[in-house]
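The values are calculated or read from the model by the stated rules, or taken from the named source; none is laboratory data. Here the structure is a predicted model, which means the values were calculated and not measured. Here the Cβ positions follow ideal geometry from the backbone for every residue, glycine too, while neighbour counts run over all protein chains shown.
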């Protein structure tokens, strides 16, 4: 996949994008959401779907698994902050969580 130049979003754009993704929040210069599932296998199935998507788009979140909860944290390291790529990933993971 060819490198894409992405621009870091300013605070106003980040806040507007977070308004559209109510379950996501700004944490330490990254966006983050915790998903909850019925059990550990549900969590792992979700993580597998996220991993397949992340590989396809070459944009990978940090993943924390705690039994039936999965926390995703994301920013665009190449841009030094939050970009539209992060919100695209947030939108897709919300969809994958169903």
Residue in segment 72-98 that is farthest from residue 31 (Cα to Cα), counting only those that are loosely packed, with under 15 Cβ neighbours inside 10 Å and at pLDDT below 95: 98
Any chance residue 84 is touching a residue at least 40 places away in the same chain (Cβ under 8 Å) and within 23 Å of residue 19 (Cβ to Cβ): yes
Residue in segment 48-71 that is nearest to residue 12 (Cα to Cα), counting only those that are buried (at least 17 other Cβ atoms within 10 Å of the Cβ) and touching a strand residue (DSSP E or B) at 6+ places or on another chain (Cβ under 6 Å): 61
Residue in segment 8-24 that is loosely packed, with under 15 Cβ neighbours inside 10 Å and under 12 Å from residue 70 (Cβ atoms) present: no
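Can you tell me how many residues within segment 47-62 are out of contact with any helix residue (DSSP H, G or I) (no Cβ under 6 Å at 6 or more places or on another chain) and at negative phi?
Within segment 47-62, the subset out of contact with any helix residue (DSSP H, G or I) (no Cβ under 6 Å at 6 or more places or on another chain) is 47-48, 51-52, 54-58, 61-62.
If we keep only those that are at negative phi as well, we get 47-48, 51-52, 54-57, 61-62.
Total meeting the criteria: 10.
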Output for segment 29-43, where each listed residue is exposed (fewer than 13 other Cβ atoms within 10 Å of the Cβ) and either without any contact (Cβ under 8 Å) to a residue 24 or more places away in the chain or under 26 Å from residue 12 (Cα atoms) (or both): 29, 41
